[in-house]
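To start, the structure under review is shown below, and the notes come after it.
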């Protein structure tokens, strides 16, 4: 794996150098990507978009293009108005050259299977999406979703993420990218599944109110991470942390 010096300027790196810098060290890998204000807010006016600039989006799009499956919680999908998971022609060609399918798969985590079967995220998707939910989600919702997408129903009352990630990998979706939200991230940390955290610290002070980037199930122990690299871009600090 290509190693950058600990601190670099983002604008001094080509896309190929960035891809090498973010290459997963193992085939089975779960990375989480977030943006945060300098004082720890996960959102601004209810969404993360106000914290994210052009610099952060460059890394955001590169990480999306490299994954096998993009996992996002229902709250994030709704708040951020997710559509179908599409990529530029250049990124699709890059994936094909790496022996990957043209597009990653979109997976939505909703314990209650609350995603509408008519959402454009499903109906306009280039690959069949996945809904990850609890096994005791309402039967009518599960039945309707199974008509239009793949369903992974594991756990009771909540998603069993250990089983869910195992099911994704059984489908050949070994490189998992999660874009949150905070509840999904917290549950993945509690389950001990996070191999990598990529977080951009935006040069903004938001003040009290918004959540942190992790919420939900408390972890039984801290997870030690090491800083692989940090990129500076127009005041943004873009950090990559790897599990120890």
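Restricting 85, 63 to residues that are in a loop (DSSP other than H, G, I, E, B) and either crowded, with 19+ Cβ neighbours inside 10 Å or in contact with a strand residue (DSSP E or B) (Cβ under 8 Å, 6 or more places away or on another chain) (or both) narrows the list to 85. Among the residues here, residue 112 does not qualify as in a helix (DSSP H, G or I), free of Cβ contacts under 8 Å to residues at least 40 places away in the same chain, under 22 Å from residue 216 (Cα atoms) and outside the structural domain of residue 236 (by TED's automatic domain parsing). Total residues in segment 2-46 satisfying the condition of being surrounded by fewer than 15 Cβ atoms within 10 Å (Cβ to Cβ), within 20 Å of the chain's Cα centre (by Cα) and more than 30 Å from residue 172 (Cα to Cα): the figure is 2. Screening residue 190 with (1) surrounded by fewer than 18 Cβ atoms within 10 Å (Cβ to Cβ); (2) more than 28 Å from residue 11 (Cα to Cα) gives one miss only, at (1). One residue stands out in segment 28-60 among those that are in a loop (DSSP other than H, G, I, E, B) and touching a strand residue (DSSP E or B) at 6+ places or on another chain (Cβ under 7 Å): the one that is modelled with the highest pLDDT, namely 38.
Assuming residue 199 fulfils every condition listed in (1) farther than 19 Å from residue 43 by Cβ; (2) within 19 Å of the chain's Cα centre (by Cα); (3) surrounded by fewer than 20 Cβ atoms within 10 Å (Cβ to Cβ) apart from one, which condition is it? With respect to (1) farther than 19 Å from residue 43 by Cβ; (2) within 19 Å of the chain's Cα centre (by Cα); (3) surrounded by fewer than 20 Cβ atoms within 10 Å (Cβ to Cβ), residue 199 is out only on (1). Would you check if residue 213 is modelled with pLDDT of 95 or more, in contact with a strand residue (DSSP E or B) (Cβ under 6 Å, 6 or more places away or on another chain) and farther than 14 Å from residue 30 by Cα? The answer is no for residue 213. Listed by position, the helices (runs of 4 or more DSSP H) enclosed by segment 116-235 that each have at least 1 residues that are without any contact (Cβ under 8 Å) to a residue 60 or more places away in the chain and within 17 Å of residue 77 (Cα to Cα) are 120-123, 139-146, 182-190. Looking at the structure I just gave you, is residue 71 modelled with pLDDT of 95 or more, buried (at least 17 other Cβ atoms within 10 Å of the Cβ), in contact with a helix residue (DSSP H, G or I) (Cβ under 9 Å, 6 or more places away or on another chain) and assigned to a loop (DSSP other than H, G, I, E, B)? So residue 71 does not fit the description; no.
The values are calculated or read from the model by the stated rules, or taken from the named source; none is laboratory data. Just so it is clear, the structure is predicted and the values come from calculations on it, not from any experiment. As a convention, Cβ positions derive from the backbone with ideal geometry for all residues, glycine included, and neighbour counts pool all protein chains shown.
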